[in-house]
Each structure stands twice: as C-alpha cells, then as structure tokens.
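K.L.:
Can you keep this structure in mind? I'll have questions shortly.
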Amino acid sequence: MAGSPVVERLDEDTFPKFLLRNARVFADRPAIREKDLGIWQAWTWAEALEEIRAFALGLRGIGFSAGDKIAIIGGNRPRMYWSMVAAQSLGGMPVPLYADSVAEEMAYVLEHAEVRFACVEDQEQVDKILSTSDALPKLEQIVYDDPRGLRDYDHTRLHSFEALQEAGRAAMAADGSLEAAWLDGIKAAKGSDLAMILYTSGTTGRPKGVMLSFDNLVISARNGNAFDKLDEHEETLAYLPLAWIGDYVFSIAQSYIAGYCVNCPESLETVLSDRQEIAPTYFFAPPRVFEGMLTHIMVRMEDAGPLKKKMFDGFMALARRVGERILNGEPVGFRDRLAYALGEIMVYGPLKNQMGFTRLKVGYTAGEAIGPEIFRFYRSLGLNLKQLYGQTEASVYITMQPDGQIFGDTVGTPAPDVELKIAENGEVLYRSPGVFVGYYKNEEATRATKTEDGWVLTGDAGYIAENGHLKIIDRAKDVGKLTDGALFAPKYIENKLKFFPNVKEVVAFGDGRDFCGVFVNIDLTAVGSWAERNNVNYASYQELAAHPDVYDMIQDHVDQVNRDLAAEPMMAGAQIKRFLILHKELDADDGELTRTQKVRRSFIAERYAPLIEAIYDGSTRKHVRTEVTFEDGRKGAIEADVEIRDLTIHPSSGGGLQEAAE
Amino acid sequence: MNVLVKPTGMQADGETAPGEVLLRIDSVSLSFGGVRAITNISFDIIKGEVRAIIGPNGAGKTSMLNVINGFYHPQEGTITWRGKVRRKMKPYEAASHGIARTFQNVALFKGMTTLDNIMTGRGLKMHSGFLWQCLRVGPALREEIEHRRKVEEIIDFLEIQAIRKTPVGRLPYGLQKRVELARALAMEPELLLLDEPMAGMNLEEKEDMSRFILDVNQQFGTTIALIEHDMGVVMDLSDRVVVLDYGRKIADGPPEEVQANQDVIDAYLGVSH
C-alpha cells in the first residue's frame, strides 16, 4: 500500500494547504478522534477543516495577524492541535509549551517568544499565565478550551474556544469574502515560511527557541512516511507533550501529509486502555514505556496458573529462537513456522492485544538506550519495533532503522536526505532538509550549533559501526580518554551494566586515569527476591550489598559487560578493571542523584573520593564513613568496609559487533 | 422540658444572607437512652452555601448529619426542609427529596467497579420497571443510556476516567473517597452532606478534594454541609461554620468570627478548671 496517488503529488508545502487537500480528498475519513465521556468521538477531515476555519476566523477577529505567535499550552486535545494549524493558516506561528512546567518557566518562554496570544487547555493553565501576567506586557488575549471553573473570571481578555469559533462563524456568515480571503492567505504562504518555534527543555541554561520552517517539517515528515510506507489508513495515539518536536511531527506533520487519524486519549492515566481500544498501527514511545509494559506482563505471568505459565514460557522460548528471524524475513524451518503460527493464536496474539499492538505496523523508540532483552522481546512477538535517533533541530529524523536491519545497540542508517559525519572528537554531525532555521533571538547559540555550510552539531558522541549503522555512545562532553588513549564513554558502560535487573545504578570513572573502575548499586527488589529464594539472610541494604555471593553475582555481570566491550573495537580499551558495590543506595536526598534520578557524577566523585582512591591504589578493602540524610531530614552516618574486586580484561576481538548486536 | 416545639417558620438568626433557607434545624434534641447526643440545637443552611459543622470528638457532628438525612429521629425539635416541616423521615425519603451524603468510613460496594458504584447513585432516578430493566430494551435501554451519560459527566468532572472499570476495593483510600463523592453527586442532590471528606488523606489528596468540593458548589450550585477536622480546609472552604461541643451549639457564623470565638478556642484546647 503506497497510499493514494494524490498523496504522492508534491503541490502542498504548508500544513494548512494539506488540510485543504485532505478535506477534499479524504473528506469522510477520520482526521482526529477524542475519547469524551467514555465514547470515541471522531471528526472527519471535512469537519476538522470547518472547526479550524471557524477558530482561525475567530482568532483573526481578536486581532491575530500574520507574524503573530500563539502559545499553546495543554494536553493532547483536538482543539490544541487545531489551534496550531489555525494560527499557521493566518501566517502565524504556534509556540507549544510543556503543560506541566511551572509558571516562572512558562513566563520566560512566553516573554522570550513575544507571544501576543495564548491558547490553553484549562483553568490551571489560565491561572499560571495570569499569575505572571505582570511580567508579560506583550500578552494580550488568552483562549481556553475547558470552561470549568473559569465562569467567574474577568473575560475582557479571556475567551472560550467555542465563543471564538462562534464569532468566526458569525463573521463568515456576515461577510462572504472572509472565507475567500482566508483561503487566499493560505495559498500565498510558502514552504520557506516559519512554521513554529519549539523551546528545547535545555538541560543547561535557559531554553532555546528552535525555529522550524514548513519545508523543514514537510520534507522530514514526508520522508518519514515514505520510509515506513505510512498512508491514510494509519492510526496513532497522541499522548506525548505538545512541546516536544516528536508529537508535532507524528500527530500533525505526518498525519496531515499521509491523511491518517490521530487519537487523543481521555487522560494521561487512561493511555493504556485507550491504546488497547484503538490498536494504533504507528506508535512511538520512549524506552521506559516498553520496559514498564514488559515488567507488567512478567509480573502478571508469575501469578498465572501453571498450565498458562508453561504455555507462555514454551512459546516465548520459541519466539526468542525464531520470532525475530521470521520478522526479518530470514529463512526459518517449516516446523518452527508452524509452531510459531500456533503460538500466535495461543500466546503472542493475546499478548499483543493486551498491549494494544494487534494492528501495529511499525513502532519506534528513541531518546535513550533500550535494553537489548526488552527490544528483543517485542521484536520476537512479531512487532516491528525500531529505533531512531533524532533531535528538535533536525525536525526529528537523523537516523532510522530500515526494516530487516535492526540491531539493538545501533540507531540505524541516515534517514532519507540526511548526511552524517563524525567529527574529530567523536561528535556526530548531520546535514538535512530538516535542519532548523536558527534559534529565536539567539544568533550566538545558532552559530555554535550550526556551521556555515549547514552541518549541525548534535552534542552526542558516536561512530559508524561496520554495518553502516550509527552508534551513539554518550554525550560528547562526557566522553573522555584513559591514560593509554583508549576511548572512555562512562554512560555507555553504565548503561550496559544497568541492563542487568540486579543492578540499579552505576557510576563509571576513568577519564584521565589508567583504567576504568565502577561503583555499583544493587537493585534491592531484584537482589532481595534472589536472597529470599536462596535463603540469604540480611538486615539492610548495606549487609546485602557486602554479601560475598552478591559480589560474585555482580562480578559475573561486570565480566559479561567486559566481554561485550571487548567485541567492540572502539570500546575494548575501556573495560572495567575494578569494581565495588557501594554500601549505601545513591539518593536524591543526599544530592547524589538529580530529582529525575540521574547520577551526579562529579558530586559522587567528590563525596566518595576515598573509595575512588582505593580503586586506583590497588587496595582490596577500604573502610569508609558516609554522612546520610534520612527522609525526615535528620542526618546520620553509615560506616562500612567496602570490598573492591579485580576483573580480568578480555582481549579485543573486533569484528564481533554483529554478533553482540543480535 | 418535654415541650413540643412548634414550627416557627422562617425566623432568621439575626443575620441576613442572600438566598433562601434550604434547611432549618430548630431546637433539635436527640438522645439514646440517657445519653444526650444533641441538645437543643438550632441552625440553618442557606441554599448555595458551604456550611461546615465542626467540633471536638464526640461533639455530635455525625449525629447531626444523621438527623438531617433522616437516619436518626430527634425526640424534640423540628426540621424544615425547603419550607416544609418534617418530623420523621426515612433515609430513602430524604434521598429522593434531594439530600445525598458520603460517609466517614467509605461505604462503597467493594467488589463492584467505580462505574457500577456510581450508577447505584442513579437508582432513585430510574423509572422503568424491573422487568423492562431485566430485558434492557426499548425505554429501559434509553433510560440507562441517559443515566450513563450523566454518570460519565461526573466521572469526567472528578477526573476518575482511569479507574472507571476498576473494582473499588482495589483503589487507594483517597480515590475511594472520590468515588463516594461521585456516587453522591450522581443523585444530583440539592444538599450534599460530607462526613469528613478529607479524613486520612495526604496533602495532595486533600487539595484535590477541596478543589472538587468548591467546583461542585460553584458549577452545580449544590449546597454543601460538611464535617471536617482539618481547620485549614474548613476555613478555606466554608461560608459559615457551626461549632458543636458536647451536643450543644457553642458558636455559629463566618469562619473568621468562629475562629476568634473564646468558647471555640476553649472547646478545642481545653480550659483549666
């Protein structure tokens, strides 16, 4: 199915133009659905056009004109999406914001983007904006979707979405030329016009506004559709933040170009059951969503009856053996195929139904490394789960995994029209039609990120593996070198070790040192359940962490990681030579983790300096005393003798990359 | 003392408030054997307000609610509901007259889903006969769809879509309380009695619940009488507060006034004798 011939034509270069085309070509096909009061309500493309037109004219009525920016703050609601396209149809730019950001963060973006209008979901967002309105002299009008609780507010600059639409319809009825003028405006727009400004969350410093043109988004989305052969028959679920580039590309850009239907779940908590009802054919989720689903299934299978459990285990073993090969179209024996078909009826089908993946054509994950076991689990069920690597600045797509060439530890080959190169320091650079216009009002940052001839620095370090796929190892600024010159990518090593369920957290050291050493935090739930099964008694985390059997177990894991590293020519030099299991769990209350549970490497290095010293001076035991903060704020200290173990380094066996990736 | 107090009509308590008096308690006394739970209490509830009933443990607050919704019958005094005097009333009569309540200890059907529990709140409003409902065709089906729609609106209002099909027994306490509120709302009551709606909740749940109570009051215009121990909540939510102690009324008025009342302070903190 390559889509209708009309879709292939390249007349349209802005989303309002696509809207007009879809209302003509796919008039009766659903454009967007929303679950309201427990029932899925659908709008066809023709209806969507009517809604957007009414809103656009209403918006014009309160003074919105070409070049204006409108902040979009809210969840995945049809009206939020419509307001973005309505603004574009008037020559304006939507500036979507994270709905959960606090008022001060919001105020910065609203002020920086110089928005005159805001379209928000509900009272919560209205309150946030009003609370900072003193700092926002430019903001004139606020439109809200859900009127709940807003009845008694001063409505001089506050408008309900419905009221604006009514005003738009009335204006259209009163003045026949208004609609024609609106259509002329859409026709006059060019692909090189700015489509939107997206603020990147910015881990360091203030958020930056990424300006994207229609060409950026249209070409990227069109390439994305062609790459996975998406057409008007797809169904997707819109549940990721509007301010994230991915949501715009998946829920508007690709949808408008292919003509497929976007489904808005009832609320964020109902995504799981809503997905089951919709059974999307095209789906994106960050790795933790897939991890969560797998854990959920495994926990529930533990409670299943013995017959079901046996059946599940048996067919899952078969799936692990042949499932992925069948998916990749490789030759598989007739008997296995037959058994797999039986498994599809008995186990895989019902499982997929539970997860809402019955009709899944292609699923993507990105953002972080996904555990190879997790990745393989889904693929072995016959789900075409793939990885991609992207950025806001690239209109998402940098690399994607082509069907049949899926490797767990690489993120694919360059997406269509994308050129890729690796800089001297290992940083990944790309150039593509999706490359952003620049950062809004920040020439300096634009110059620092985008070179004269259009190459963009990703900030990520990586290399092209032998199979031609890109492999991302770490943030470029975190990558270091051992004293012998071997590449040292801490996060890469940490992630490899963290994929073991027994390991909760890892901190790797080695930049500027002789070898790589790691601190390990065991996962108390996983290791605790192991201890229970093996009659190991323990009273605390500290005691369990120091248990010799636990050390043996972790040593096995570290050795396995070393073996994996040895198979990769770039990484073989930075194998883990010594490790220790920390005597306390890393905790955000002690400042060792950020509130989002990320390791604060430099802080830990300082706090546990004696242990690092012990790793590098060759001692096998070290007595330490560490201050801790209890949950109620009191302080105390933990003392422990921490054991440090040595590992054998495996000789580099380059060329084994394919094997490791399988 | 055994004087039968005659209905005194709409006698204001000296203060003038907008809206008519919805419920009026007049010299009500209630005793169980020799235990006097409520002694000669009078107050009123004005339509559209949030009325708090507070007091130390054993002050007779819950007994008062039970009197209002017809579960207890006072030995003395009268209750005037929407201008009509009533002496004895069964709880289901009170319910059909527009008084709904939630309980101090959650009283839901634990094995039933949230949706079914809320649907039970519509029971009094179902009109089709038993047989029609069994067959679930024609008018009975139409009626059920109508009721389901109303219930879905409440689910949407209280943001409990995610637990629509979850058996109530599996829900955390805070959510169970919310389901109970939903069931009471499903009756579309004129007067909603809430018996310690925030008891046992954490701060976040309390904030949510406060928000919902205010929204119910503003959006549906429901009059609310609530018992609550959390003074912060009471002061923020209520328009007027009545304070009971040992079955007697010791204060009645706006929150700030009650807060400053010496008798109230004494009752809560105790006085040296």
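The values are calculated or read from the model by the stated rules, or taken from the named source; none is laboratory data. Small disclaimer: the values here were computed from a predicted structure and weren't measured. Heads up, the Cβs are rebuilt from the backbone with ideal geometry, glycines too, and the neighbour counts pull from every protein chain shown. Remember, those area values only see protein heavy atoms, side chains included, never the ligands or the DNA or RNA. Shrake-Rupley method; radii C 1.70, N 1.55, O 1.52, S 1.80 Å.
K.L.:
Residues that are aliphatic (A, V, I, L, M), at least 3 per element: which helices (runs of 4 or more DSSP H) completely within the stretch A:503-568 meet that?
P.N.:
Helices (runs of 4 or more DSSP H) meeting the threshold: A:524-533, A:548-566.
K.L.:
I'm trying to understand the selection: among the residues of the stretch B:101-148, which are away from every other protein chain (no Cβ under 14 Å), of a type in the set (A, V, I, L, M, F, W, C) and more than 24 Å from B:Gly200 (Cα to Cα)?
P.N.:
If the condition is that a residue be away from every other protein chain (no Cβ under 14 Å), of a type in the set (A, V, I, L, M, F, W, C) and more than 24 Å from B:Gly200 (Cα to Cα), then B:Leu124, B:Met126, B:Phe130, B:Leu131, B:Trp132, B:Cys134, B:Leu135, B:Val137, B:Ala140, B:Leu141 are the ones that fit.
K.L.:
To continue, here is another question. Only one of A:Val262, A:Val271 is among the β-branched types (Val, Ile, Thr) and modelled with pLDDT under 95. Can you tell me which?
P.N.:
Among A:Val262, A:Val271, only A:Val271 is among the β-branched types (Val, Ile, Thr) and modelled with pLDDT under 95.
Yes/no per residue for (1) touching a residue at least 40 places away in the same chain (Cβ under 8 Å); (2) under 30 Å from A:Leu240 (Cα atoms):
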position: A:Asp313; (1), (2): no, no
position: A:Arg337; (1), (2): no, no
position: A:Pro350; (1), (2): no, yes
position: A:Ala366; (1), (2): yes, yes
position: A:Pro372; (1), (2): yes, yes
position: A:Ser380; (1), (2): yes, yes
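K.L.:
If you go through the stretch A:1-20 one residue at a time, do you hit one that is surrounded by fewer than 23 Cβ atoms within 10 Å (Cβ to Cβ), at pLDDT below 95, not aliphatic (A, V, I, L, M) and not in a loop (DSSP other than H, G, I, E, B)?
P.N.:
yes
K.L.:
Of everything in the stretch A:580-597, what is under 21 Å from A:Val558 (Cα atoms) and part of a loop (DSSP other than H, G, I, E, B)? Give them in sequence order.
P.N.:
A:Leu582, A:His583, A:Lys584, A:Glu585, A:Leu586
K.L.:
Moving on. State all residues of the stretch A:29-49 that are within 18 Å of A:Gln254 (Cα to Cα), aromatic (Phe, Trp, Tyr) and open to solvent by 30 Å² or more (accessible area, probe 1.4 Å); if no residue qualifies, say none.
P.N.:
A:Trp43
K.L.:
Specify the residue that is least open to solvent (accessible area, probe 1.4 Å); the eligible residues are those in the stretch A:265-302 that are of a type in the set (Asp, Glu) and more than 14 Å from chain B (Cβ to nearest Cβ).
P.N.:
Kept after step one, since they are of a type in the set (Asp, Glu), are these residues of the stretch A:265-302: A:266, A:269, A:274, A:277, A:291, A:302.
This time we only want the ones that are more than 14 Å from chain B (Cβ to nearest Cβ), so: A:291, A:302.
Values: A:Glu291: 73, A:Glu302: 127 Å².
Taking the candidates together, the pick is A:Glu291.
K.L.:
Hey, among the residues in the stretch B:164-181 that are β-branched (Val, Ile, Thr) and open to solvent by less than 20 Å² (accessible area, probe 1.4 Å), which one's nearest to the other protein chains (Cβ to nearest Cβ)?
P.N.:
Filtering the stretch B:164-181 for residues that are β-branched (Val, Ile, Thr) and open to solvent by less than 20 Å² (accessible area, probe 1.4 Å), the one nearest to the other protein chains (Cβ to nearest Cβ) comes out as B:Val179.
K.L.:
Let me ask you something else. Quick one: how many residues across the stretch A:441-459 are open to solvent by less than 30 Å² (accessible area, probe 1.4 Å) and over 22 Å from the mean Cα position of the chain (by Cα)?
P.N.:
So the first thing to find is which residues in the stretch A:441-459 are open to solvent by less than 30 Å² (accessible area, probe 1.4 Å), and the list is A:445-446, A:449, A:454-456, A:458-459.
When the remaining residues are screened for being over 22 Å from the mean Cα position of the chain (by Cα), the result is A:445-446, A:454-455.
The total comes to 4.
K.L.:
Now, a different point. Where the second residue is open to solvent by 10 Å² or more (accessible area, probe 1.4 Å) and of a type in the set (Val, Ile, Thr) and the first is assigned by TED's automatic domain parsing to the domain that holds B:Thr223 and lies in the stretch B:36-52, which pairs have Cβ atoms under 9 Å and are six or more apart or on separate chains?
P.N.:
Going by the 9 Å Cβ cut-off, the qualifying pairs are B:Asp44/B:Val21; B:Asp44/B:Thr80; B:Ile45/B:Val21; B:Ile46/B:Val21; B:Lys47/B:Val21; B:Ala52/B:Val233.
K.L.:
Can you tell me how many residues within the stretch A:561-604 are free of Cβ contacts under 8 Å to residues at least 12 places away in the same chain and not hydrophobic (A, V, I, L, M, F, W, C)?
P.N.:
Counting residues in the stretch A:561-604 that are free of Cβ contacts under 8 Å to residues at least 12 places away in the same chain and not hydrophobic (A, V, I, L, M, F, W, C) gives 7.
K.L.:
OK, next. Can you confirm whether the stretch A:108-118 contains a residue that is within 27 Å of the chain's Cα centre (by Cα) and under 23 Å from A:Ala173 (Cβ atoms)?
P.N.:
no
K.L.:
Let me ask something additional. How many residues are over 18 Å from A:Ala189 (Cβ atoms) and either within 14 Å of chain B (Cβ to nearest Cβ) or β-branched (Val, Ile, Thr) (or both) when one looks only at the stretch A:13-43?
P.N.:
10
K.L.:
Next question. State whether one or more residues within the stretch A:352-373 are modelled with pLDDT under 90, farther than 20 Å from A:Leu307 by Cβ and assigned to a helix (DSSP H, G or I).
P.N.:
yes
K.L.:
Under 6 Å by Cβ, and 6 or more places apart or on different chains, what pairs join a residue from the stretch A:52-72 that is farther than 14 Å from A:Phe161 by Cα with one that is open to solvent by 30 Å² or more (accessible area, probe 1.4 Å)?
P.N.:
A:Ala66/A:Gly91; A:Asp68/A:Arg116
K.L.:
Here's another thing I want to ask about it. Under the condition of being more than 14 Å from chain A (Cβ to nearest Cβ) and among the small types (Gly, Ala, Ser), which residue from the stretch B:197-230 is most open to solvent (accessible area, probe 1.4 Å)?
P.N.:
Filtering first and then ranking leaves B:Gly200.
K.L.:
Let me ask something additional. Here is a list: B:Leu193, B:Leu203. Which entry is out of contact with any Ser or Thr (no Cβ under 7 Å at 6 or more places or on another chain) and at pLDDT below 90?
P.N.:
One residue alone meets the criteria, B:Leu203.
K.L.:
Are any residues in the stretch A:460-488 under 27 Å from A:Pro402 (Cα atoms) and open to solvent by less than 10 Å² (accessible area, probe 1.4 Å), and if so, which ones?
P.N.:
Passing the criteria: A:Ala461, A:Gly462, A:Ala465, A:His469, A:Leu470, A:Lys471, A:Asp474.
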